[in-house]
4 protein chains.
Amino acid sequence: MIRVAVLGAGRIGQIHAANVAANPLAQLVVVADPFPAAGKPLAEKLKCEYTDSPDAAIARDDVDAVVIGTPSDTHAELMLKAARAGKAVLCEKPVDNDLAKADEAIEELNKLKAKVMMAFNRRFDPSNIELRRAIDAGDIGEVRQVIISSRDPGLPPRDYVKHSGGIFRDMAIHDFDMARFLLGEEPVEVYAKASRVVDKALMEEFDDYDTLMVIMQTASGKQCHINCCREASYGYDQRFEILGSTGMLQNDNLRPSTVRRFNAVETEARPPLLNFFLQRYTDAYRNELDAFLKALTDGTPLPTNPWDGRQALRLAEAAIESVATGRSVKV
Amino acid sequence: MIRVAVLGAGRIGQIHAANVAANPLAQLVVVADPFPAAGKPLAEKLKCEYTDSPDAAIARDDVDAVVIGTPSDTHAELMLKAARAGKAVLCEKPVDNDLAKADEAIEELNKLKAKVMMAFNRRFDPSNIELRRAIDAGDIGEVRQVIISSRDPGLPPRDYVKHSGGIFRDMAIHDFDMARFLLGEEPVEVYAKASRVVDKALMEEFDDYDTLMVIMQTASGKQCHINCCREASYGYDQRFEILGSTGMLQNDNLRPSTVRRFNAVETEARPPLLNFFLQRYTDAYRNELDAFLKALTDGTPLPTNPWDGRQALRLAEAAIESVATGRSVKV
Amino acid sequence: MIRVAVLGAGRIGQIHAANVAANPLAQLVVVADPFPAAGKPLAEKLKCEYTDSPDAAIARDDVDAVVIGTPSDTHAELMLKAARAGKAVLCEKPVDNDLAKADEAIEELNKLKAKVMMAFNRRFDPSNIELRRAIDAGDIGEVRQVIISSRDPGLPPRDYVKHSGGIFRDMAIHDFDMARFLLGEEPVEVYAKASRVVDKALMEEFDDYDTLMVIMQTASGKQCHINCCREASYGYDQRFEILGSTGMLQNDNLRPSTVRRFNAVETEARPPLLNFFLQRYTDAYRNELDAFLKALTDGTPLPTNPWDGRQALRLAEAAIESVATGRSVKV
Amino acid sequence: MIRVAVLGAGRIGQIHAANVAANPLAQLVVVADPFPAAGKPLAEKLKCEYTDSPDAAIARDDVDAVVIGTPSDTHAELMLKAARAGKAVLCEKPVDNDLAKADEAIEELNKLKAKVMMAFNRRFDPSNIELRRAIDAGDIGEVRQVIISSRDPGLPPRDYVKHSGGIFRDMAIHDFDMARFLLGEEPVEVYAKASRVVDKALMEEFDDYDTLMVIMQTASGKQCHINCCREASYGYDQRFEILGSTGMLQNDNLRPSTVRRFNAVETEARPPLLNFFLQRYTDAYRNELDAFLKALTDGTPLPTNPWDGRQALRLAEAAIESVATGRSVKV
């Protein structure tokens, strides 16, 4: 039984805490959040302790592993604290929004031989697991092109945009990680183009973009395209397509039911997509935690690590540079 | 080159005549129709002769084969005349709406060793050909159940209903033929239930039904279900499903385009189905004629024969009897 | 908080017990099963008490509601005991495999004004809820035909067949209930035909069938077809289609992932269906319990009742009679 | 009745000639091809005259319109000759593989006020027509992103690669045209990346590529992605996706039948795609010719013109420059 502290009682912390409480390999010991209004009710509901101090939660002797779901700018520091205290870590992306700081943190984590897993939830979605498994099994031969379509159901609130770090670091970073996951090779060149077609005024205010396209290529010539938009009227759109030398794979989105409607104006009309990531990736979050706990229990390598977080961020940075210069950027 | 006369210049005759004219194995010699207003323009358009006398068309020395697309009650007589004159025949269903008369005609046709093919167009639809081929290839093992859904886009005009012979003989007869085609065995027992839920008054006036369900079983225990309705708001619905011991097959309907729409209320909405049989079975009519001409050219057996027409009618009669008695009927 | 006893620790009892334990409206007090080897580990895992006596569990003062997942022939008696003790009941189908005994039990339950819900899990599947909601909302106008396809992934073990009560009472009973649920009217006439095409010897030994088709009709002329087979190579197949006067609805099956494969021999190939009811109806079992608990909490009517169980059984009995006589049976 | 000469009796010329012969608005007068072995049989089959001289065919008094399906490097000259002779022209893409020569030709065509239509067949595919119609009808609001996937079923022969002008001018040029057609705005910036993952040696020999990705953006910020590959194991893949502010549109590919297969390893498996453009775009070629003839008959503007051909070529040139420089190119 792995004894777990969950840091952060916000939207994502609540998901992790509930999954820990329900997982037979784990015991939820404590939830830590500076705001008692968020942390206390969560702790009560899940019948564990509450503290307003993440440091205190990390320091507890009866905590073996720490799940970090706090704001991005605290990730690096909390990971290091937990690692220094000998705790295993499951940390939300990014390592840090600043690449240099992320690299520094990773260097120390490596020295500490820390057991740190980055929470790239999409890798643990049942369909994405199956995509990777089919590629590994040789079902489509050599991968040639990967197409990633990734669209949010609607613009985030103004305040979120302000602190997000920009669409590349906040939204596309998941897609950069999936690109690496599906290509099976590191991209060596990145080109990106971004525009403001959803809310021009808002995006100009924060020097951000709401719509983007990316092309990446690996050393052996494999290609990957990413397209993102902050708004899709029909729901949270998350699709992957992998063209291989002997076959092709696609996943589809999830919907609340399998009903199809037929009438005088249309046929086979299906419901809109599940609206956002908490609904869409419910199984993925559960599988992710389970993979973390199983690897710790079995002593096997963690499925992702801070280097994965760093590389996704590096690709996002290259994309930002590419938008600014109109050139592809070597990475 | 097979020289062809087309009898009947109505809706179905026009289809046949155009297909004959375009087929490289055939030459369209003459179109016959008692009504010059129908026959003359067709003959002009297709650059062939016109006569108001089907008998005269049959009698011509420069005619090798006759395609019969005249009213149902003339089929038996015209087939016999053509057969006696040594002409090959492609005849629309039914042999006759009266089973005894049909049997009589078939007896003489057999004695004459006439080359007669019944125009069950659905057997020649590319998807239905593929269903039969896959069954024959053993792709689904032994056939166990066949489900046929067959719905017209809307009620026919009052006058059509009056002369149709009833929903079983007019509409379901195609499904009875497809049941035999897909089962690969003769049904030995038929149960049918019919109701009036589309237009009660109209159906009561002509002692007819607009909605029906059938169950049939073969000697070895294979089962077939047919459901028909005279009205489907979403178009002309024609589906087949075959459950076998090692697999299952389904076809889908045809639509005017492959476009799918996504918006805030629905996703993957496709267009309504092609509206009726002339549009839906364009390829099937062409393939049907081609199969007729190829068999004549190659001297191979015709793919369907009057017995097929007789058996479909026999199943329709059994269904009508079953509706009247509430019992299943042995055939 | 509703305090719950779960009777039966077999396959279905385990599902119910876990759902009770996880539901915020309920507290799992005790699991009862005559076999400690089944009941004890379940109670330990879910941190509740264990007893080998269902009667004792029912009698407890700290139990408000009883979930019955015991063998079919104990349902009626346990429901009555619980009702007499003033407990609310969620009971697996059937009320009893004997219609007369079921009627007797229902009579007493009615006199007791007992709060009893029959566990027709399929009514609580998200897609089936949506089908009913869309019909109620008038999305397809008047219902005209309902088509139910219901196939198990494979033959049950010999011993199960022996005690099942036959394919109509054991398997098709769920479909009879769904027919009533989707038609929104009572069928007044039933015709059924059954055969032995999966395992003839086994079925003859127990005078049972492995394959069946049913037609039912309501007083107003609405029709319903059911087809069942004990074996479907591609998984547990559960489909519903409802033809209405202005539209049509279909549901689709569930699969473990949304991946589609393309290669030189096929395109859009999807995975086999979820294999059986525990996987397929995971959400339905959870929703079913939730509906039970919510109705008790809010004091609203339970969504199903013993009469629903009785009517489904009545239709199964009529189907059995129809198979024996070759006639449709009035109900 | 428009009297037509078809220049070129190769693969594409045969399609055009047969469509002219079957179109009620046209009369096929003559087929011209320097190789009698190609031209003569075609003329015989379609019952028209044959000449080995395209110039002679253009010069005939009884020819109103010329369809050009000859090698690319003859297009500009033949268009000019036909235009100078006052004939209407339907010409295969490109205007010329050299942009300067194309511009020169267009200048003269404009001075002549010639009636010239470029044969961008994909614009006339029923599904693509419906995509454009839906956009024009406002069904998806403002267009934001267009995704074009375009893959050939297999590598062309070595000799074809040698003379093709390269993948951008030969293959992607159709996609550049569709980008303009679907965006409804001119792209102002092009970035492209190309690689050799299908047949490295062959591509290096001719300094060509077999796999590419493109990003384009319009002045208002609309984006378009194109991905191409010379080989797709599952058939000729031609998909379009248009994300708008209030909805999204997709088309799907065509298959020889609508059959879906279910078995123990997969469900809903559909056949491979129609293998190549002559099969895939049969309807499009017919519609294209029909649009040409209707516009001539009605005196309305031709739906495409040489400028469209020039612009697609311009985008291809920009893409080639972008691959060479690693920069996006302004157009």
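Go through (1) more than 19 Å from C:E231 (Cβ to Cβ); (2) within 14 Å of another protein chain (Cβ to nearest Cβ) and name the single condition C:F120 misses.
(2)
Per-residue answers, yes or no, for (1) free of Cβ contacts under 8 Å to residues at least 24 places away in the same chain; (2) farther than 30 Å from C:G244 by Cα; (3) of a type in the set (G, A, S); (4) in contact with a Cys (Cβ under 6 Å, 6 or more places away or on another chain):
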| residue | (1), (2), (3), (4) |
| --- | --- |
| C:V161 | no, yes, no, no |
| C:G165 | no, yes, yes, no |
| C:A179 | no, no, yes, yes |
| C:V190 | no, no, no, no |
| C:R196 | yes, yes, no, no |
| C:K222 | no, no, no, no |
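Would the stretch B:194-210 turn up any residue that is in a strand (DSSP E or B), of a type in the set (G, A, S) and more than 8 Å from chain C (Cβ to nearest Cβ)? Write out each step before concluding.
Just the residues of the stretch B:194-210 that are in a strand (DSSP E or B), to begin with: B:194-195.
Narrowing the set further to residues that are of a type in the set (G, A, S) leaves B:194-195.
This time we only want the ones that are more than 8 Å from chain C (Cβ to nearest Cβ), so: B:194.
Yes, some residue in the stretch B:194-210 is in a strand (DSSP E or B), of a type in the set (G, A, S) and more than 8 Å from chain C (Cβ to nearest Cβ).
Within the stretch A:290-331, how many residues turn out to be over 14 Å from A:F176 (Cβ atoms), within 14 Å of chain D (Cβ to nearest Cβ) and either in contact with a helix residue (DSSP H, G or I) (Cβ under 6 Å, 6 or more places away or on another chain) or polar (S, T, N, Q) (or both)?
2
Can you tell me which residue in the stretch A:258-278 is nearest to the other protein chains (Cβ to nearest Cβ), limited to those that are touching a residue at least 12 places away in the same chain (Cβ under 8 Å) and surrounded by fewer than 19 Cβ atoms within 10 Å (Cβ to Cβ)?
So, considering only residues that are touching a residue at least 12 places away in the same chain (Cβ under 8 Å) and surrounded by fewer than 19 Cβ atoms within 10 Å (Cβ to Cβ), the one nearest to the other protein chains (Cβ to nearest Cβ) is A:N275.
Does at least one position in the stretch B:164-184 carry a residue that is within 13 Å of chain C (Cβ to nearest Cβ), in contact with a helix residue (DSSP H, G or I) (Cβ under 6 Å, 6 or more places away or on another chain) and outside any helix (DSSP H, G or I)?
no
Scan the stretch A:279-289 residue by residue and report those that are in contact with a helix residue (DSSP H, G or I) (Cβ under 6 Å, 6 or more places away or on another chain) and either of a type outside the set (S, T, Y) or within 14 Å of chain D (Cβ to nearest Cβ) (or both). Don't jump to the end; show me each part of the working.
To start, the set of residues in the stretch A:279-289 that are in contact with a helix residue (DSSP H, G or I) (Cβ under 6 Å, 6 or more places away or on another chain) comprises A:281, A:283-289.
Matches in the stretch A:279-289: A:D283, A:A284, A:R286, A:N287, A:E288, A:L289.
So, A:K115, is that one touching a strand residue (DSSP E or B) at 6+ places or on another chain (Cβ under 9 Å) and on the phi < 0 side of the Ramachandran plot or not?
Numbers: touching a strand residue (DSSP E or B) at 6+ places or on another chain (Cβ under 9 Å): yes; on the phi < 0 side of the Ramachandran plot: yes.
Criteria met by A:K115.
Out of the residues in the stretch A:222-257 that are more than 7 Å from chain C (Cβ to nearest Cβ), among the polar types (S, T, N, Q) and touching a Gly at 6+ places or on another chain (Cβ under 6 Å), which is surrounded by the most Cβ atoms within 10 Å (Cβ to Cβ)?
In this case the residue turns out to be A:S233.
Do we find that D:M178 is farther than 30 Å from C:P272 by Cα and either out of contact with any Gly (no Cβ under 8 Å at 6 or more places or on another chain) or surrounded by 24 or more Cβ atoms within 10 Å (Cβ to Cβ) (or both) in this structure?
Details: farther than 30 Å from C:P272 by Cα: yes; either out of contact with any Gly (no Cβ under 8 Å at 6 or more places or on another chain) or surrounded by 24 or more Cβ atoms within 10 Å (Cβ to Cβ) (or both): yes.
Yes; evaluated as a whole, the condition is true for this residue.
Please go through the stretch B:41-59 and give me each residue that is farther than 20 Å from B:L78 by Cβ and touching a Gly at 6+ places or on another chain (Cβ under 6 Å), ordered by number. Walk me through it before giving the result.
Quick first cut of the stretch B:41-59, residues farther than 20 Å from B:L78 by Cβ only: B:41, B:44-47.
Matches in the stretch B:41-59: none.
Given the condition crowded, with 23+ Cβ neighbours inside 10 Å and charged (D, E, K, R), answer yes or no: does some residue in the stretch D:210-218 qualify?
For the stretch D:210-218, residues crowded, with 23+ Cβ neighbours inside 10 Å and charged (D, E, K, R): present.
Look at the stretch B:42-62 and say how many of its residues are modelled with pLDDT of 95 or more, surrounded by fewer than 18 Cβ atoms within 10 Å (Cβ to Cβ) and not in a strand (DSSP E or B).
Total meeting the criteria: 7.
The values are calculated or read from the model by the stated rules, or taken from the named source; none is laboratory data. Since the structure is predicted, the reported quantities are computational estimates derived from the model, not experimental observations. Methodologically, a virtual Cβ is constructed for each residue, glycine included, from the backbone with ideal geometry; neighbour enumeration extends over all protein chains shown.
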